[in-house]
Amino acid sequence: MAAEHHQVVIVGAGIAGVGLGVRLLEAGIDDFVICERNQSVGGTWFEHTYPGCACDIPTHLYSYSFARNPDWTRLFPRQREILDYVRKTADARGVTPHIRFACEMEHSAWDEAAGLWRVRTTAGELTCDLLVSAIGATAEPDEPDIPGLDEFAGHRFHSARWDHDHDLDGERVAVIGTGPAAAQFVPRIQPRVRELVVFQRTAPWVIPHPDRPVSWAERRLYKLLPQAQDVQRNALFALYEGVGMGFRGRTAVMAPIEALGRAHLRRQVRDRALREALTPRYRFGCKRPILSNDYYPALAADNARVVTDPIASVDGAAVVTDDGGRHEVDTIISAIGYRYSRSLLVERITGMAGRTLGDTWDRSPRAYLGSSVPGFPNMFILLGPNSIGINSVIFSLESQIKYVMDALRVMRREGVRRLEVRPEALKSYIGEVDDASAGTVWTAGGCDSYYLDDSGRQFAIYPGFAAGYRRRTRRFDAAAYELAS
Ligand SMILES: Cc1cc2nc3c(=O)[nH]c(=O)nc-3n(C[C@H](O)[C@H](O)[C@H](O)COP(=O)(O)OP(=O)(O)OC[C@H]3O[C@@H](n4cnc5c(N)ncnc54)[C@H](O)[C@@H]3O)c2cc1C
């Protein structure tokens with residue numbers, strides 16, 4: 001049977017895939033399919049259901065520019081509310097009928113002779129003129145590489161796949177990792193468990209969380225005067241751009257934030273030894289910082305312990321540390337995050353000459369403007385390497401979506417059937433990004449973070465202003481591409 005053909009196939013129905021779907025429909029392009037492995041839209045916000053899961057970017061900023069929501073109930077949105085927002089947007093904008101659920105992209109290969117992508121999914125074969133990866137940066141949770149972990153005698157799960165059927169009440173629980181997810185669920189589980197052992201490799205920066213409910217009067221105001229919400233959005237955007245300057249080495253911006261973090265720790269943790277263990281030893285921003293008012297108090301509780309000795313192995317029901325300590329637990333929760341450079345994307349997409357993205361990237365993901373890769377014609381990656389700004393991810397995504405939409409316009413206008421970014425355009429872009437990354441908190445901040453790929457290169461963040469990235473992606477720059485009709 002011939003594969004079904006579409007102009008565009010999007011892989012992933014998270015915020016990115018739905019956002020692109022909206023823009024395609026607005027442009028009158030309805031020959032597209034979104035292939036989503038889950039049974040729902042929402043991506044991150046559908047999959048992550050751990051207690052306390054919430055966004056650390058304020059709602060006014062963490063929303064689509066084209067879908068204002070005057071009804072947000074909190075300053076910082078919680079998982080369920082974001083999921084509902086994405087679902088509502090997909091329904092209201094007519095995107096939902098274009099989504100194939102339980103449709104996992106297993107492999108996509110560029111067919112040079114036919115000039116199209118062949119996409120194999122769990123729901124059948126598709127072909128398309130343009131393939132867009134919207135699989136996000138966190139599709140696959142990373143597991144810690146600990147000898148014996150697979151044979152752990154108790155129960156074990158990753159925070160990204162929270163096991164709601166497992167009752168933690170009265171248990172001895174180990175948490176491996178102290179990133180933003182752990183900081184959100186640890187305060188929720190600490191009062192319920194008998195004993196909590198948090199294994200910390202690096203102490204994170206934690207600053208006070210300004211979250212609060214949005215009052216009825218405010219919501220009413222946003223409904224009557226939507227511009228009031230825009231003013232807040234713009235002010236927050238400017239604030240994050242300012243913080244970004246600090247991340248790029250402006251000590252005058254960083255010093256007060258770090259002082260705030262240290263004061264927060266002093267105020268919330270009385271025990272000297274614990275305070276010492278929780279003191280960050282790198283510049284603020286080198287790893288994703290944490291906003292929390294209850295993380296430190298949870299760690300300081302009588303039933304909690306922070307272990308800083310590296311984990312050597314898991315033996316039976318015990319987590320064994322390098323100093324010989326044995327920590328007997330009932331459940332282990334891994335919360336060490338994700339590995340983009342080892343994601344599904346790299347194994348599942350094959351471009352020219354049978355080379356996969358993984359072969360091309362070789363441990364170091366690189367894409368022009370975070371979106372296109374030589375050897376992979378007619379393909380764009382949303383939230384690709386070096387595209388995340390120090391701002392709302394949705395702003396970066398919308399910049400990339402504009403770029404893809406403009407590429408489609410150029411294709412249609414000029415009768416272009418094949419476009420492939422030139423290697424020299426990528427090289428010069430990467431040179432620029434690397435230069436801009438030098439001396440920033442991400443490369444010189446004194447930590448080892450997921451912003452660094454397996455080769456040690458900063459590959460995640462766009463190291464300039466988010467507004468600058470928006471300017472660069474406003475128009476599809478055809479000169480950087482080889483175009484063929
Ligand atoms: C726990 C957590 C907390 C976060 N908190 C914040 C925050 O506070 N602030 C912030 O700005 N960002 C945060 N992020 C980042 C967040 O992922 C982005 O803000 C945003 O949700 C990314 O949207 P996306 O659509 O690009 O990707 P995703 O939300 O990851 O969606 C990708 C979609 O692709 C689908 N998919 C993947 N592989 C395939 C395949 N092979 N076939 C078919 N479908 C596939 C997935 O099922 C998923 O639905 C957080 C991420 C996580 C994991």
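The values are calculated or read from the model by the stated rules, or taken from the named source; none is laboratory data. All values derive from a computational prediction rather than experimental measurement. Backbone-built Cβ (ideal geometry, glycine too); neighbour counts: all protein chains shown. These accessible areas exclude ligands, DNA and RNA; they are computed on the full protein's heavy atoms, side chains included. Shrake-Rupley method; radii C 1.70, N 1.55, O 1.52, S 1.80 Å.
Between S428 and E151, the simple label model (points 7 Å from Cα in the Cβ direction) yields a spacing of 5.7 nm.
Counting only Cβ charges, +1 for Lys and Arg and -1 for Asp and Glu, the dipole size of the stretch 187-242 around its Cα centre is about 300 debye.
Please report the accessible area of T360 (heavy atoms, 1.4 Å probe, ligands and nucleic acids excluded) in Å², nearest 10. Rounded to the nearest 10, that gives 50 Å². Karplus-based coupling profile of the stretch 473-485, in residue order and whole Hz: 9, 4, 10, 6, 8, 4, 5, 7, 10, 8, 10, 9, 9, with θ = phi - 60° in 6.51 cos²θ - 1.76 cosθ + 1.60 and x standing for Gly or Pro. The distance between label points at S215 and D454 comes to 5.4 nm (points 7 Å beyond Cα on the Cα→Cβ vector). To the nearest 20 Debye, how big is the dipole of the stretch 358-453 about its Cα centre, given +1 on the beta carbon of each Lys and Arg and -1 on that of each Asp and Glu? It comes to approximately 560 debye.
Considering only protein heavy atoms and a 1.4 Å probe, what is the carbon-and-sulfur percentage of the accessible area of the stretch 1-117? Its accessible area is 50 percent carbon and sulfur atoms. Across the options F66, I34, I10, the greatest Cα extent toward the positive end of the charge dipole of the stretch 1-95 (unit charges at beta carbon of Lys, Arg, Asp, Glu) belongs to F66. Applying 1/(1 + (r/R0)^6) with R0 = 25 Å to the Cβ-Cβ distance of S485 and E106 gives a FRET efficiency near 0.20.
How large is the charge dipole for the chain, taken about the Cα centre, if only the Cβ atoms of Lys, Arg (+1) and Asp, Glu (-1) carry charge, to the nearest 20 debye? In total the dipole reaches around 1960 debye.
Express the accessible area of the chain per residue in Å², computed with a 1.4 Å probe while the remaining protein chains stay in the model.
Details: 20180 Å² over 485 residues.
Spelled out: the 1.4 Å probe surface of the chain, per residue, equals 42 Å².
For every helix of n ≥ 4 consecutive DSSP H residues, a contribution of -39,500 (n - 2.57) applies; sum these over the chain, divide by its total residues, and give [θ] at 222 nm rounded to the nearest 500 deg cm²/dmol.
Details: 15 runs with 159 residues, N = 485.
Using -39500 (n - 2.57) per qualifying helix, the result is -10000 deg cm²/dmol.
Amide H to amide H, with H built 1.01 Å from N, H155 comes under 5 Å of T331, I332, counting only residues 5 or more places away or on other chains.
Cysteine residues of the chain whose Cβ has no partner cysteine Cβ closer than 4.7 Å: C53, C55, C128. The H on the amide N of S292, modeled in the peptide plane, is under 5 Å from the matching H of I207, H209, each at least 5 residues off or on a different chain. Which of T321, L357, A335 sits closest to the plus end of the dipole of the stretch 321-407, meaning its Cα is farthest towards the positive end, when Lys and Arg get +1 and Asp and Glu get -1 on the C-beta? Selected residue: L357. Put simply, when 108-120, 76-88, 271-283 are sorted by average Cβ atoms within 10 angstrom per residue, most first, you get 76-88, 108-120, 271-283.
Hey, any idea what % of the stretch 362-485's accessible area is carbon plus sulfur with a 1.4 Å probe? Here carbon and sulfur together make up 50 percent of the probe-accessible area. A cut-off of 5 Å between modelled amide H atoms, ignoring neighbours fewer than 5 places along the same chain, links A312 with V320, T321, D322. In terms of packing, defined here as the mean over residues of other Cβ atoms within 10 angstrom, the peptides 35-44, 414-423 line up highest first as 35-44, 414-423. A straight line joining the Cα centroids of the stretch 1-69 and the stretch 395-472 runs 21 Å. The phi-based Karplus calculation (6.51 cos²θ - 1.76 cosθ + 1.60; θ = phi - 60°) puts the 3J(HN,Hα) values of the stretch 165-173 at 7, 9, 8, 8, 4, x, 8, 9, 10 Hz, whole numbers, x for Gly and Pro.
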